[in-house]
Structures are given as structure tokens and as C-alpha cells.
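**Student:** Take a look at the following structure, please.
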Amino acid sequence: MAKRSARYKTRELSTSENVHRLFPSSGGRTPRDDGARDRKYVKNVRAMSPAQQLLLNALEERSVTLALGPAGTGKTYLAIAKGVEALEQGRVSRMVLSRPAVEAGESLGFLPGDLEQKLAPYLRPLYDALTERLGTKRMKALLAEGVIEIAPVAYMRGRTLNDCFVVIDEAQNCTYTQIKMLLTRLGWRSTMVLTGDPDQTDLLPGLSGLADVAERLEKVPEIAVVRLADADIVRHPLVAGMLTVL
């Protein structure tokens with residue numbers, strides 16, 4: 001298998017170890033070995049923290065999972081990786097990926113092209129994660145066949161999603177009513193995952209419904225609510241440091 005870039009190493013490395021290697025106890029910055037920075041593609045994604053392992057377990061065992069945590073904790077990537085795994089093993093017949101078309105603090109104005117082209121910038125993160133797991137050629141083929149569907153939240157009303165793996169990304173940009181609508185799309189033999197960071201919503205204050213929904217659903221034994229923290233961030237070690245002060 002050709003080597004491809006991925007977001008996870010084949011051996012576990014905690015955030016504290018990453019920080020220690022990047023910033024030695026002497027306080028000075030030393031160049032890192034290029035091999036230590038390289039992340040190779042692995043067929044089976046492995047958790048890099050206990051909380052990520054809890055998330056992976058929930059994705060395998062529960063029909064509904066909410067993954068909450070700051071940027072860089074692998075919420076979306078792990079959800080899509082498990083969705084691709086379920087699809088390839090025949091446990092589901094299709095994948096449905098959705099996220100709200102909400103701009104991050106700026107207005108893009110008029111976007112040219114048809115509906116698919118207009119929505120592409122908002123759905124790009126989902127395409128990126130799929131590309132890493134499937135490769136561009138296979139991803140395009142599955143999209144063309146309808147085996148994988150990527151749609152904005154606004155297009156989910158009225159549907160019943162049977163025999164599929166559903167990922168709702170950036171759920172912090174959904175209102176309480178929207179999340180309730182999405183959760184009730186769940187059909188037979190399906191798995192639904194909602195990912196998001198309640199502290200990083202692009203909606204007006206008080207409009208995001210993710211935190212409220214998560215608090216309510218924690219009381220339902222059959223639903224998993226997994227909360228990731230700064231220690232679970234798998235991006236550059238500085239990301240965790242910045243989030244503690246920003």
C-alpha cells in the first residue's frame with residue numbers, strides 16, 4: 001500500500017510527551033527529528049488518549065454518540081474513520097455526512113456555480129477526512145454512486161436514515177431545534193454521531209443547542225456523550241497551549 005499522509009501515528013504519544021520533546025526542560029527549542037513529525041497512513045486508526053479510546057468504543061457500541069471537545073481532538077476524523085470501516089465491512093450500506101453551512105465570523109458573499117459548488121467550501125473538511133481514509137479516486141466513485149452522501153443540515157428534514165452511518169459535524173453551529181430534528185432522523189440499523197465544540201460556536205450567543213442537548217442526553221443510558229479536553233489534542237502541541245489562554 002502506498003504511503004499516504006494521515007493524522008495519527010501508529011504508536012501512541014501523549015500531548016505531554018509531545019510538549020516535552022518540543023520544549024526541553026532547559027527552556028530552549030531544539031530542532032525535532034523529521035521522522036518524529038511524519039505521520040504515516042494506517043488502515044486501522046488507533047486512539048492516542050484514553051478519551052479517544054472511549055470515543056472509539058462508543059462508536060462501535062452505541063447507536064447515538066455525541067463527541068464534544070476543542071479543535072484538534074480528532075472528533076470528526078475518528079467518526080469518519082469508523083464510518084468508513086463500517087461501510088467497508090458491510091455493517092452499513094451507506095454514509096451520510098452533514099454539517100451546517102455557517103460562516104466562521106465572516107461573510108463570503110455571493111458564491112458562483114450550482115448548489116453543489118456553493119456548498120463545497122462549507123463541506124470541505126468532510127471531503128478532506130474522507131480523502132485520507134479512502135483516497136481521492138475511490139471517494140469520488142462512492143460519492144457518484146450515492147454510497148456516500150454529503151449534505152447541509154438544511155437538507156436533512158423529513159428524511160429517515162436507515163442502514164447508514166451518519167456524521168453531523170460542527171454541531172455547535174446548530175440550534176436546539178435543528179439538533180432535535182437531526183437526532184430524530186435516525187432509522188433502523190444506523191449509527192449517528194454528532195461532533196462539535198460548544199465553546200466555539202459561530203452562532204449568536206444563546207443560539208447553539210449542542211451543550212443543552214448533550215446535558216439532556218447524558219441521562220439516556222443507551223446514548224454516549226464523550227467529552228474530550230486539551231490533553232486529547234493531536235495537532236501541533238502549541239494548539240493545546242494556545243487554547244488554554246485564548
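The values are calculated or read from the model by the stated rules, or taken from the named source; none is laboratory data. No experiment lies behind these values; they were computed from the predicted model shown. With ideal geometry, Cβ positions are generated from the backbone for all residues, glycine too; neighbour counts draw on all protein chains shown. When the accessible area is computed, the model is the full protein with side chains, heavy atoms only, and any ligands, DNA or RNA have been set aside. Shrake-Rupley method; radii C 1.70, N 1.55, O 1.52, S 1.80 Å.
**Student:** Starting from the range 48-64, keep only residues that are without any contact (Cβ under 8 Å) to a residue 12 or more places away in the chain, then list their pairs with residues that are in a loop (DSSP other than H, G, I, E, B) and not polar (S, T, N, Q) whose Cβ atoms are within a distance under 7 Å, requiring at least 6 positions of separation or different chains.
**Tutor:** Between residues of the range 48-64 that are without any contact (Cβ under 8 Å) to a residue 12 or more places away in the chain and residues that are in a loop (DSSP other than H, G, I, E, B) and not polar (S, T, N, Q), the close pairs are Q53/A47.
**Student:** Separate question: Please go through the range 202-216 and give me each residue that is part of a helix (DSSP H, G or I) and open to solvent by less than 30 Å² (accessible area, probe 1.4 Å), ordered by number. Walk me through how you get there before you give the answer.
**Tutor:** If we filter the range 202-216 for residues that are part of a helix (DSSP H, G or I), which is where we start, we get 210-216.
Residues satisfying the conditions are L210, V213, A214.
**Student:** Of the residues R4, R32, R11, which is touching a Phe, Trp or Tyr at 6+ places or on another chain (Cβ under 7 Å), modelled with pLDDT under 50 and open to solvent by 10 Å² or more (accessible area, probe 1.4 Å)? It would help to see each step written out before you state the result.
**Tutor:** Details: R32 fails: touching a Phe, Trp or Tyr at 6+ places or on another chain (Cβ under 7 Å); R11 fails: touching a Phe, Trp or Tyr at 6+ places or on another chain (Cβ under 7 Å).
On inspection, the qualifying residue turns out to be R4.
**Student:** List the pairs whose first member sits in the range 216-231 and is within 22 Å of S49 (Cα to Cα), whose second member is in a loop (DSSP other than H, G, I, E, B), and whose Cβ atoms are under 6 Å apart, counting only residues at least 6 apart or on separate chains?
**Tutor:** Hits for this filter: A224/R62; V225/E218; L228/G69; L228/T73.
**Student:** For the range 20-27, state whether one or more residues are modelled with pLDDT of 85 or more and among the hydroxyl-bearing types (S, T, Y).
**Tutor:** To start, the set of residues in the range 20-27 that are modelled with pLDDT of 85 or more comprises none.
No, that holds for no residue.
**Student:** Select, from D199, D128, the only residue that is in contact (Cβ under 8 Å) with a residue 40 or more places away in the chain, within 30 Å of T244 (Cα to Cα) and open to solvent by 10 Å² or more (accessible area, probe 1.4 Å).
**Tutor:** Working: D128 fails: in contact (Cβ under 8 Å) with a residue 40 or more places away in the chain.
Criteria check complete, one pass: D199.
**Student:** Looking only at the range 142-154, how many residues end up being part of a helix (DSSP H, G or I) and touching a helix residue (DSSP H, G or I) at 6+ places or on another chain (Cβ under 9 Å)? Walk me through it before giving the result.
**Tutor:** Residues of the range 142-154 that are part of a helix (DSSP H, G or I), as a first pass: 142-145, 153-154.
Narrowing further to those that are touching a helix residue (DSSP H, G or I) at 6+ places or on another chain (Cβ under 9 Å): 142-143, 153-154.
Selection size over the range 142-154: 4.
**Student:** Among what's in the range 161-201 and is over 16 Å from the mean Cα position of the chain (by Cα) and part of a loop (DSSP other than H, G, I, E, B), pick the residue that is farthest from G90 (Cα to Cα).
**Tutor:** T184
**Student:** Output the qualifying pairs, or none if there are none: Cβ atoms under 6 angstrom, residues six or more apart or on different chains, first residue in the range 70-86 and among the aromatic types (F, W, Y), second residue in a helix (DSSP H, G or I).
**Tutor:** Hits for this filter: Y77/A129.
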